[in-house]
Amino acid sequence: NAGVTQTPKFQVLKTGQSMTLQCAQDMNHNSMYWYRQDPGMGLRLIYYSASEGTTDKGEVPNGYNVSRLNKREFSLRLESAAPSQTSVYFCASSIYLWTGNNQPQHFGDGTRLSIL
Amino acid sequence: EDKVVQSPLSLVVHEGDTVTLNCSYEVTNFRSLLWYKQEKKAPTFLFMLTSSGIEKKSGRLSSILDKKELFSILNITATQTGDSAVYLCVSGGGADGLTFGKGTHLIIQP
């Protein structure tokens, strides 16, 4: 009954370091997403993957890259971390893209990332 | 530009009170409106609304959509301290994906 699992839960980086946030879902969903959540702002879409083998930019993709490794896994990479990327990152998945077939997105517990 | 506006942004009430959270939207190719509850971690799904005037209920929570006036409300009756959370309103459009409101931070005092 895991749903969407994100690792790590917390991470502190220095400016310029790189890291990869991992996300896996066990619901056989086709679509996966990465969001960031900052104080006073709604969730903003970074990248998404409509289906295995495809990825697309969202609203705030600069400074990030993604890989849809297989149907279950979707990773987010920060190549050279900047303080502006300090945020809480959420991975989500849905059976179809967005709310297709009236099915909602399901979210992981988030990764709290601090860039010093 | 698509937008979702929630009000109030924060609300403090006493246990047992009834609260109404508001959400207005301006979204191209509107398809659905969703409500999520976010405590410390993952937003958890509450409701999806696609048709006007049809109330959805789950225990003490209910929600309704007005597609003519472009808004939705989330009602919580007989509030409990466990209802304390941020409630997110999300509008699902077409190819542009989802638009999130900033959330209403609800605090239930014992």
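Output yes when any residue across segment B:25-47 is open to solvent by 50 Å² or more (accessible area, probe 1.4 Å), part of a loop (DSSP other than H, G, I, E, B) and at pLDDT 95 or above, and no when none is.
no
Can you work out which of the residues in segment A:71-112 that are open to solvent by 10 Å² or more (accessible area, probe 1.4 Å), within 28 Å of residue A:16 (Cα to Cα) and part of a loop (DSSP other than H, G, I, E, B) is nearest to the other protein chains (Cβ to nearest Cβ)?
A:109
Does residue B:36 fit the bill of being within 14 Å of residue B:6 (Cβ to Cβ), at the interface with chain A (Cβ under 10 Å from one of its Cβ atoms) and not basic (Lys, Arg)?
When the stated conditions are applied, residue B:36 passes them.
Quick one: would you say residue B:50 is within 14 Å of chain A (Cβ to nearest Cβ), of a type in the set (Val, Ile, Thr) and either over 17 Å from residue B:10 (Cα atoms) or open to solvent by 60 Å² or more (accessible area, probe 1.4 Å) (or both)?
The answer is yes for residue B:50.
Given the conditions (1) modelled with pLDDT of 95 or more; (2) polar (S, T, N, Q); (3) open to solvent by 70 Å² or more (accessible area, probe 1.4 Å), report the number of the one that residue B:20 does not fulfil.
Status for residue B:20: all satisfied but (3).
Under 13 Å from the mean Cα position of the chain (by Cα), more than 11 Å from chain B (Cβ to nearest Cβ) and either under 29 Å from residue B:7 (Cβ atoms) or open to solvent by 50 Å² or more (accessible area, probe 1.4 Å) (or both): is that true of residue A:11 in this structure?
In short, no.
Report, by residue number, each residue of segment B:1-17 that is among the β-branched types (Val, Ile, Thr) and open to solvent by 60 Å² or more (accessible area, probe 1.4 Å).
B:5, B:12
Would you mind telling me which numbered condition in (1) away from every other protein chain (no Cβ under 14 Å); (2) within 19 Å of residue B:107 (Cα to Cα); (3) crowded, with 21+ Cβ neighbours inside 10 Å residue B:72 fails?
For residue B:72, the failing item is (2).
Spot the failing condition for residue B:90; the list is (1) away from chain A (no Cβ under 14 Å); (2) touching a residue at least 60 places away in the same chain (Cβ under 8 Å); (3) surrounded by 18 or more Cβ atoms within 10 Å (Cβ to Cβ), and only one is missed.
Answer for residue B:90: the failing condition is (1).
Counting just the residues of segment A:24-59 that are among the acidic types (Asp, Glu) and in a loop (DSSP other than H, G, I, E, B), which one comes out least open to solvent (accessible area, probe 1.4 Å)?
A:38
Go through segment B:13-41 and give me each residue that's closer than 14 Å to residue B:87 by Cβ and hydrophobic (A, V, I, L, M, F, W, C).
B:13, B:19, B:21, B:23, B:33, B:34, B:35
The values are calculated or read from the model by the stated rules, or taken from the named source; none is laboratory data. Model, not experiment: these values are computed from the prediction. Glycine also receives a Cβ, built like all others from the backbone with ideal geometry; neighbour counts cover every protein chain displayed. Remember, those area values only see protein heavy atoms, side chains included, never the ligands or the DNA or RNA. Shrake-Rupley method; radii C 1.70, N 1.55, O 1.52, S 1.80 Å.
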